[in-house]
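The values are calculated or read from the model by the stated rules, or taken from the named source; none is laboratory data. All values reported here derive from a predicted model rather than from experimental measurement. Cβ: placed from backbone, ideal geometry, glycine included. Neighbour counts: every protein chain shown. Only protein heavy atoms, including side chains, enter the accessible area calculation; ligands, DNA and RNA are left aside. Shrake-Rupley method; radii C 1.70, N 1.55, O 1.52, S 1.80 Å.
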Amino acid sequence: MTLLRIRDLSLSIHGTPILEDVTLDIAPGEVHGVIGESGSGKSMTALSVMQLLPDGATCQGQVMLDGADMFQTPEAQLCAMRGNTVGMVFQEPMTALNPVQTIGDQVAETVLIHENVTRRQALARAREVLDRCELPADEFPLSRYPHELSGGQRQRVVIAMAIALRPKLLIADEPTTALDVTTQAEILSLLKQLVTEDGIAVMLITHDLAVVTGIADRITIMREGRVVEQGPGPSLHRDMTHPYTKALFAASGHRPARDGPAAVAPLLKVENVVRSYPLPRKTLFGRAERFRAVDDVSFEIRRGESLGLVGESGCGKSTLTRAILGLERLQGGQISLDGAPVFMEGKPRPQLRRKMQVVFQDPFGSFNPRHKVARLVSEPFYLFGRKAREDEIDESLTSVGLVPSDKHKYIHEFSGGQRQRIAIARALIIKPELIILDEAVSALDVSIRAQILDLLAKLSQQYGLTYLFISHDLSVVRAITDRVLVMQAGRIVEEGATEAVFQSPQHPYTKKLIAAAPRLPEDA
């Protein structure tokens, strides 16, 4: 029996072809992974099923969901099917949730819209599905707001909204991309539980092959709006025939060729650093309690070394990063770069900031879209009090594989990988000694990620750069770093050579992280 049947689906928007002859089937109780890079048509296929397409979209072919022809169904009936027959979970839960409504009201709203029940009954249903999504009432009352929850907890609320009416098909569009490995494992386990207990079918859209290979019954590979290969999830890595599928698997396990650091002298020294914040509650004696986000942390980074820093959200990674950059004051300890303290008399020293740059996770969000690339790349020169020369801008763009003429374009004219290259060019332009990469490749497709990792390895050798690589993607950390630090609750709980830590972790928390990380089959 087939729950979702797509035959020869073609889609164009204002005459531009987006999908071409897409065909796939999903059975009840099946997890069907849809894999492909950005622009491959994964999400547009899902939106075609939901019939939530942009203006100017024209569909051909057939989409049958639970016996209903989605192209011939009136909009009023489609509205009734969305939620009842098919639910959807989006990638970024914070944008999918209303920040001024409680989680109870948002889950209950789905029930109130579709069923003739009282508000009390709808809230009772909301409580029931939140419990099912492992958000128990004693810790997560219905009165909580989205900003009071972690990323993984917010994603559970979004899943609760999607399953509140017990749909037959759940479309999950990149539901774990921005999550830590342990949280990601919990969300995938929850999806699998819904399949097992309720017989829900799941259409899992992602660019992460390791995630899908471990959970999907069947896999569809898409490229440029077409299906290029399909097969059983557990065996596709052995039976794949299409060159694109083989390239995706190769890129997923890619490790750039790089030499280890030659220098032994430390460039960055972090000694007994403490960063704490006041809490709203007070002690018995009326003094404000403080939360230690960074608790007595010490480590060194040698010149030319790539050091990884891993840990779950809230462990203190970002706070520590801001302290290194001189953006967070310390309550204890010292940070020094090239032998000079980053803070002097409690204040950051601007001259040392010139030796450090940072590359962020979201390359589009870290740029002003109103400015051209030339101005965006040259922004670090404000530290020198002068404008960048044309030849300096050209050199930085050329060093990351772009061309000088790109400086005349706007950031929206580039792909995600090109934007990240521009972010790296901005970091390079003042020739820093240390570059902090904060989740710099976590949002990229696997082939683009492989290209960026190769680029970082090449730049390290070419310019003698030192990297602090912060990521929740353990496969990336393993591929690009010489040593790794594992951080939990503000403390470094394990450190050592990257391969040694991954092969033989000592701390229980490290073992937990490595065990939770999705991985490709050994014979892939």
*asked:* Give the lysines whose C-alpha is closer than 19 Å to that of residue 347, dropping any in the same chain fewer than 8 places away, or say none.
replied: 269, 355
*asked:* With θ taken as phi - 60° and the coefficients 6.51, -1.76 and 1.60, list the Karplus ³J(HN,Hα) couplings across segment 64-73 in order, rounded to whole Hz; mark glycine and proline as x.
replied: 10, 10, 6, x, 9, 7, 5, 7, 9, 7
*Just add up the charged neighbours of residue 351: K/R +1, D/E -1, any other residue whose Cβ is under 14 Å from the Cβ of residue 351.*
+3
*Ignoring the sites themselves, what is the longest stretch of the chain with no chymotrypsin sites (Phe, Trp or Tyr not before Pro) in a DSSP loop and at most 12 other beta-carbon atoms within 10 Å?*
1-284
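Multiply the residue separation of residue 491 and residue 119 by 0.36 nm, subtract the distance between their alpha-carbon atoms, and state the gained length in nm to one decimal.
Difference between extended and current length: 129.4 nm.
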*asked:* For the pair residue 318/residue 77, report the inter-label distance in nm, with labels modelled 7 Å from Cα in the Cβ direction.
replied: 4.6
*Got a sec? Charge dipole of the chain, +1 on Cβ for Lys and Arg, -1 for Asp and Glu; which of 236, 411, 63 is way out at the positive end?*
411
*asked:* Out of all DSSP beta bridges in the chain, what portion is antiparallel? Express it as a percent rounded to 5.
replied: 60
*Using the Karplus curve 6.51 cos²θ - 1.76 cosθ + 1.60 with θ = phi - 60°, work out ³J(HN,Hα) for each residue of segment 410-422 in order, rounded to whole Hz, and write x for Gly and Pro.*
9, 5, 6, 7, 10, 6, x, x, 5, 4, 5, 4, 5
*Could you give the size of the charge dipole of the chain about its Cα centre, using +1 on the Cβ of each K and R and -1 on the Cβ of each D and E, expressed in debye and rounded to the nearest 20?*
1740
*Provide the gained length on full extension for the span residue 193 to residue 145, in nm with one decimal, where the gain is 0.36 nm per separating residue minus the Cα-Cα distance.*
14.7 nm
*Within the chain, longest stretch clear of exposed GluC sites (Glu not before Pro) (DSSP loop, no more than 11 other Cβ within 10 Å)*: 140-344
*Nearest 0.05, what FRET efficiency do residue 507 and residue 257 give at R0 = 30 Å with Cβ-Cβ as r?*
0.50
*What distance in nm separates the simple spin-label points at residue 389 and residue 272, each placed 7 Å from Cα in the Cβ direction?*
4.6
*In terms of solvent-accessible area of protein heavy atoms at a 1.4 angstrom probe, what is the ranking of 237, 14, 147, 114, highest value first?*
14, 147, 114, 237
*asked:* Skipping prolines and chain starts, which residues have an amide H placed within reach, meaning under 5 Å, of the one on residue 71, given they are 5 or more residues away or on another chain?
replied: 63
_Can you list residues from other chains, or at least 5 along the same chain, whose modelled amide H is less than 5 Å from the amide H of residue 220?_
33, 34, 35
*Taking a cut-off of 14 Å between Cα atoms, list the aspartates and glutamates near residue 387, but don't count ones fewer than 8 places away on the same chain.*
379
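Skip the ligands, DNA and RNA, and give the accessible area per residue of the chain with a 1.4 Å probe, whole Å².
Working: 23040 Å² over 524 residues.
With all protein chains present, the chain gives 44 Å² per residue.
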*asked:* How big is the dipole moment of segment 426-480 about its Cα centre under a simple scheme where the beta carbon of each Lys and Arg is +1, that of each Asp and Glu is -1, and everything else is neutral? Debye, nearest 20, please.
replied: 180
*Residues with amide H under 5 Å of residue 332's amide H, sequence separation 5 or more or different chain, H placed in the peptide plane at 1.01 Å from N; which?*
274
*Hey, if we sort 59, 315, 79 by accessible area with the 1.4 Å probe, largest down, what's the order?*
79, 59, 315
*Could you tell me what percent of the accessible area of the chain is made up of carbon and sulfur, with a 1.4 Å probe and every protein chain present?*
50
*Looking only at segment 48-65, which residues have a backbone nitrogen under 16 Å from a spot 7 Å from the Cα of residue 21 in the C-beta direction?*
60-62
